[in-house]
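Q: Quick one: this structure, given as structure tokens, is what I'll be asking you about.
The values are calculated or read from the model by the stated rules, or taken from the named source; none is laboratory data. Predicted model, so just to flag it, every value in this text is computed and none were measured. All Cβ positions, glycine included, derive from the backbone under ideal geometry; neighbour counts span all protein chains shown.
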Amino acid sequence: MDIRAQCKECQGFASANKFKLHHGFKRMVCPNCFSGKTKKKEEEEKKSKKEKINKPKGWDAEDEYLDKMTKIKQEQVKSQFSRIPGTKQIQCKCLGCNYIFKYDPFRKKPNACPYCNRDIPKLTTFNLL
Ligand SMILES: [Zn+2]
Ligand SMILES: [Zn+2]
């Protein structure tokens, strides 16, 4: 005869004769708890709950917004730099004072406007492609 007993650990039911003494739990537990299945399941549930908390609603929209801002910024940087016609050199137009000067994209110099000392965004060679 199969006697069902409730496991004190997971509140689940299992055949009473399958219960075993578990050293970690310090009591008789069902086969699931004994093999660690219950614990694993709980951990997985905790994990998935955590993930849900870490991803609040609307994070996609925010991501998109940041992406857009980055692109706009890149466009601004790009428009600030231009190739000097007929050469391989780059010129930069300061957004603060409109002063135009030569820019070295490989040494990333100068890093400030020679006229008004305004910071110049670093132009990567990638931006020039
Ligand atoms: Zn159990
Ligand atoms: Zn300037």
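Q: With the requirement that a residue be exposed (fewer than 13 other Cβ atoms within 10 Å of the Cβ) and touching a strand residue (DSSP E or B) at 6+ places or on another chain (Cβ under 9 Å), what does the stretch 74-95 give you?
A: If the condition is that a residue be exposed (fewer than 13 other Cβ atoms within 10 Å of the Cβ) and touching a strand residue (DSSP E or B) at 6+ places or on another chain (Cβ under 9 Å), then 79, 83, 84, 89 are the ones that fit.
Q: Which pairs have Cβ atoms under 7 Å, sit 6 or more apart or on different chains, and link a residue in the stretch 96-120 that is within 7 Å of ligand 2 (Cβ to nearest atom) to one that is assigned to a strand (DSSP E or B)?
A: These pairs meet every condition: 118/112.
Q: Still on this model: Inside the stretch 92-122, can you point out the residues that are farther than 19 Å from residue 74 by Cα and polar (S, T, N, Q)?
A: If the condition is that a residue be farther than 19 Å from residue 74 by Cα and polar (S, T, N, Q), then 117 is the only one that fits.
Q: I'd like the full set of residues that are at pLDDT below 85, among the hydrophobic types (A, V, I, L, M, F, W, C) and farther than 23 Å from residue 112 by Cβ, limited to the stretch 39-72.
A: Scanning the stretch 39-72 gives 53, 59, 61.
Q: Within the bounds of the stretch 73-93, is there any residue that is modelled with pLDDT under 85 and within 12 Å of ligand 1 (Cβ to nearest atom)?
A: No, because not a single residue in the stretch 73-93 is modelled with pLDDT under 85 and within 12 Å of ligand 1 (Cβ to nearest atom).
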